[in-house]
1. Mind listing just one residue for me: the one in region 66-100 that is of a type outside the set (A, V, I, L, M, F, W, C) and touching a residue at least 24 places away in the same chain (Cβ under 8 Å) and, of those, surrounded by the fewest Cβ atoms within 10 Å (Cβ to Cβ)?
2. Which ones in region 106-138 are assigned to a loop (DSSP other than H, G, I, E, B), in contact (Cβ under 8 Å) with a residue 24 or more places away in the chain and surrounded by 13 or more Cβ atoms within 10 Å (Cβ to Cβ)?
3. Would you point out which residue out of I149, I141, I99 is in contact with a Cys (Cβ under 7 Å, 6 or more places away or on another chain), under 20 Å from V60 (Cα atoms) and in the same structural domain as L68 (by TED's automatic domain parsing)?
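The values are calculated or read from the model by the stated rules, or taken from the named source; none is laboratory data. Treat the numbers as computed from the prediction; the structure is a model and nothing was measured. We place every Cβ from the backbone using ideal geometry, glycine too, and count neighbours over all the protein chains shown.
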Amino acid sequence: MKETCIACKKQTVSVINTDSGHLCYNCYIEKKDKKNGVKKPRSNEEADIQTEFFNNVRLVFPNIPDKLIFAVPNGGSRNKIEAANLKRQGVKAGISDTILLIPSGNYASLCIEFKTEKGEQTEAQKEFQQQAESNGNKYVIVRSVTEAINEVKDYLKQTLNKSV
């Protein structure tokens, strides 16, 4: 039998009986998490854009060697021990999300930073951009899959080696 959740007012069979009335399972977990200080996971729009970009790379750029365009796994949450190990192994904050390791024109590589429409670079990302650009690399910030694909197309137009 369906019951009405006292929090969201939805009809559901997944209910928890409380002193105040029926709570659907989702509202119960949300209330419990708030009480315990657990934050709701946020959607990661930047990761979604980057994922979709990589879903299209092979289709749009079949001649790019697959090991020469890659994501840099610097983001994400880690426990303190794992973070310390990665730091000792050379992981650096601020490195661009994706690197295309093919020289083109006057550039050694293309560094791509994915951002949302309102996303801004961190200080570490700005520092990496400055270092990358001052050492002969192209650095771009993209805010959509289409923009990322167009940046790679424009970058590769400068390549003397037309096999890419």
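1. K92
2. Within region 106-138, A108, S109, K115, T116, G119, N137 qualify.
3. I99
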